[in-house]
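Report on one structure; see the data block that follows.
The values are calculated or read from the model by the stated rules, or taken from the named source; none is laboratory data. None of the values given here were measured: they were computed from a predicted structure. As a convention, Cβ positions derive from the backbone with ideal geometry for all residues, glycine included, and neighbour counts pool all protein chains shown. Ligands, DNA and RNA are stripped out before the accessible areas are found, and what is left, the full protein with its side chains, is counted by its heavy atoms. Shrake-Rupley method; radii C 1.70, N 1.55, O 1.52, S 1.80 Å.
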Amino acid sequence: MATISIDGVSRWFGNVVAVNDVSLTVGPGITGLLGPNGAGKSTLIHMMSGFLPPSAGSVTLDGQPVWRNREVYRQIGLVPEREAMYDFLTGRQFVVANAELHGLPDPGAAAARALATVEMEHAQDRRTGTYSKGMRQRVKMASALVHDPAVLLLDEPFNGMDPRQRLHLMELLRRFGAEGRTVLFSSHILEEVEQLARHIEVVVAGRHAASGDFRRIRRLMTDRPHRYLVRSSDDRALAAALIADASTAGVEVDLQEGALRVQAVDFHRFTRLLPRVAAEAGIRLYTVSPADESLESVFSYLVSA
Amino acid sequence: MNPTVARLTVHGLLGRRRGLLLLVVPALLLLLAVLVRATKGQDHDIAVQLLGGLALGTLVPLLGLISGTGAISSEIDDGSIVYLLAKPEPRWRITVTKLAVAVGCTAVFAALPTLLAGLVLYGTADGLAVAYALGALAAGTAYSALFLLLGTLTRHAVVAGLMYCLVWESLVGNFVHGARTLSVQQWGLALARAAADPGAVTADVPLSAAVPLLVLVTLAATAAAAVRLAGLTLAGEE
């Protein structure tokens with residue numbers, strides 16, 4: 001059982017604050033670190049893996065500081081985001097080298113075991129430079145697993161994987177989580193995270209935005225006020241009909257755009273209401289587009305929630 | 001020394017096309033030595049010029065630069081150094097291993113060709129060939145350590161190293177006499193003078209200054225590189 005504690009951690013680069021006063025605990029099982037690109041996920045993972053000192057606060061693994069403490073690597077397996085991995089080696093040579101660097105008594109056997117776990121034996125004698133993205137990811141996994149670590153840190157592991165490889169990796173991570181290992185992976189895709197992690201930590205713009213069960217996070221995300229831009233044959237009549245219903249909080253007639261701006265508070269009810277109201281009033285809908293469906297706006301709602 | 005780190009470093013240094021590149025420069029030196037010997041015969045002045053200027057003055061710093069920075073900077077650049085550092089292995093040991101590989105590389109591709117060129121040019125007379133090879137080995141070691149440190153400090157290690165060689169050692173050293181005291185090349189030359197028969201080689205720096213400075217620079221650069229590696233941070237890719 002291994003627990004990573006991030007306590008009041010900030011990290012800035014010059015004038016830029018990448019991580020802002022984050023406190024969270026990552027325990028056994030799978031944790032998803034969710035956030036848009038540039039939110040500070042990689043910075044957090046770098047601090048958890050001892051490759052970046054926090055500017056303030058502390059990052060510890062079972063009470064031991066991670067920064068400048070090489071002993072923690074006996075417990076940590078790191079799967080970095082970057083691709084480079086000694087392209088001139090074969091997959092097997094690469095994993096064996098990692099086993100040797102860990103000082104394992106039988107590097108060959110450990111490497112064979114790790115390669116079997118990620119099902120890469122069929123390509124283990126090919127140079128890693130010839131691998132596809134998914135194969136590289138799996139061999140990187142094998143190198144991180146070779147010393148049987150209690151903690152597995154993965155930075156955007158699903159990036160660039162095809163659906164089949166994605167499923168395979170998810171299955172693998174589920175198994176590690178079930179074994180009681182502490183598995184943390186980062187992603188900017190909600191669907192990816194909720195398929196895999198029961199526990200989700202959300203970071204947005206360097207801040208810890210939400211933490212908890214994926215259902216709660218999902219609910220937070222769908223229950224937020226949604227904004228729509230609506231164009232119709234009679235904007236004012238539609239506006240009057242919409243504001244009468246409890247699912248909308250505000251309707252604005254945007255004369256310049258020639259459209260309605262609608263703020264819905266009950267997402268599901270509003271999506272049923274709009275077509276019905278329009279049909280009853282004989283109004284034709286030309287455009288219904290969400291005005292703030294970008295991931296960033298979803299996340300920034302979470303920050304204020 | 002860590003054999004795995006050594007293996008990966010040698011592979012990275014000599015693999016790809018760099019291995020060939022490392023052979024080209026010493027091959028040119030040897031070719032030139034053969035040509036000079038064939039046309040001019042055994043000539044002390046020409047031998048000293050070639051061994052001092054071309055071998056010690058150009059080949060050795062160039063090889064030190066290629067192997068010193070090459071032993072570490074490409075791994076830092078592409079991020080694969082993570083696989084070496086995310087291990088319980090002490091980072092000074094990783095540094096020392098990489099330095100040993102760089103020094104070995106300089107010995108094989110710079111000191112050894114210097115010896116061969118010296119033998120071709122001047123035979124074993126005056127102990128000239130062995131003396132210059134010794135100077136090349138010592139200077140090559142210091143250069144390797146210096147440029148290994150540079151490789152951990154900046155992404156532009158090769159350019160910075162070239163600037164040092166061209167501006168400081170060649171330009172400033174040629175015009176400002178005092179600057180030669182702080183020139184790795186001159187320290188190597190001082191060693192060569194001491195090893196050769198008296199009067200065969202001239203050098204500006206006394207041996208009593210050259211040897212401590214060579215040792216100091218090598219040790220300090222290695223220690224600094226180890227410290228630098230121990231606190232290596234990964235910048236986010238975002």
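Pick out, from segment B:1-115, the helices (runs of 4 or more DSSP H) lying fully within it that include 1 or more residues that are in contact with a Gly (Cβ under 6 Å, 6 or more places away or on another chain).
B:3-14, B:60-70, B:73-78, B:91-106
Looking at A:LEU78, A:LEU44, A:LEU34, A:LEU89, can you tell me which residue is more than 24 Å from A:VAL146 (Cα to Cα) and open to solvent by less than 50 Å² (accessible area, probe 1.4 Å)?
Matching residue, one of A:LEU78, A:LEU44, A:LEU34, A:LEU89: A:LEU34.
Among the residues of segment B:175-185, count how many are open to solvent by 20 Å² or more (accessible area, probe 1.4 Å) and either in contact with a helix residue (DSSP H, G or I) (Cβ under 9 Å, 6 or more places away or on another chain) or among the aliphatic types (A, V, I, L, M) (or both).
Final tally of qualifying residues: 5.
Please verify whether B:LEU189 is within 14 Å of chain A (Cβ to nearest Cβ) and in contact with a Leu (Cβ under 7 Å, 6 or more places away or on another chain), treating the condition exactly as stated.
The answer is no for B:LEU189.
Please indicate, with yes or no, whether at least one residue in segment B:124-135 is more than 14 Å from chain A (Cβ to nearest Cβ), open to solvent by 30 Å² or more (accessible area, probe 1.4 Å), under 21 Å from B:VAL158 (Cβ atoms) and β-branched (Val, Ile, Thr).
no
Of the residues A:PHE94, A:PHE88, which is in a loop (DSSP other than H, G, I, E, B) and in the same structural domain as A:GLN137 (by TED's automatic domain parsing)?
Only one candidate qualifies: A:PHE88.
So in segment A:250-279, with the set limited to residues that are exposed (fewer than 15 other Cβ atoms within 10 Å of the Cβ) and outside any helix (DSSP H, G or I), which one is modelled with the lowest pLDDT?
Restricting to residues being exposed (fewer than 15 other Cβ atoms within 10 Å of the Cβ) and outside any helix (DSSP H, G or I), the top hit is A:GLU257.
Could you please find all residues in segment B:210-230 being open to solvent by less than 30 Å² (accessible area, probe 1.4 Å) and in contact with a Ser or Thr (Cβ under 7 Å, 6 or more places away or on another chain)?
The answer is B:THR218, B:THR222, B:ALA225, B:ALA226, B:LEU229.
If the requirement is being among the β-branched types (Val, Ile, Thr), open to solvent by 50 Å² or more (accessible area, probe 1.4 Å) and away from chain A (no Cβ under 14 Å), which of these qualifies: B:THR154, B:THR233, B:THR202?
On inspection, the qualifying residue turns out to be B:THR202.
Any residue in segment A:172-181 that is part of a loop (DSSP other than H, G, I, E, B), over 30 Å from A:TYR286 (Cα atoms) and open to solvent by 30 Å² or more (accessible area, probe 1.4 Å)?
Yes, segment A:172-181 has at least one match.
When you look at A:ILE45, is it aliphatic (A, V, I, L, M) and within 13 Å of chain B (Cβ to nearest Cβ), yes or no?
yes
Can you say whether A:ALA110 is of a type in the set (A, V, I, L, M), buried (at least 21 other Cβ atoms within 10 Å of the Cβ), over 29 Å from the mean Cα position of the chain (by Cα) and away from every other protein chain (no Cβ under 13 Å), as far as the supplied structure shows?
So A:ALA110 fits the description; yes.
Give segment A:62-82 a look and list any residue that's more than 8 Å from chain B (Cβ to nearest Cβ) and either part of a loop (DSSP other than H, G, I, E, B) or more than 21 Å from the chain's Cα centre (by Cα) (or both), or say none.
A:ASP62, A:GLY63, A:GLN64, A:PRO65, A:VAL66, A:TRP67, A:ASN69, A:VAL72, A:GLN75
When residues of segment A:18-30 are filtered for being β-branched (Val, Ile, Thr), in contact with a Gly (Cβ under 9 Å, 6 or more places away or on another chain) and open to solvent by less than 20 Å² (accessible area, probe 1.4 Å), how many remain?
Total meeting the criteria: 2.
Which condition number in (1) touching a Pro at 6+ places or on another chain (Cβ under 8 Å); (2) more than 13 Å from chain B (Cβ to nearest Cβ); (3) closer than 25 Å to A:ALA209 by Cα is the one that A:GLN137 fails?
(3)
Restricting to segment B:1-46, give me the number of residues that are within 14 Å of chain A (Cβ to nearest Cβ) and of a type in the set (Val, Ile, Thr).
Residues meeting the conditions: 4.
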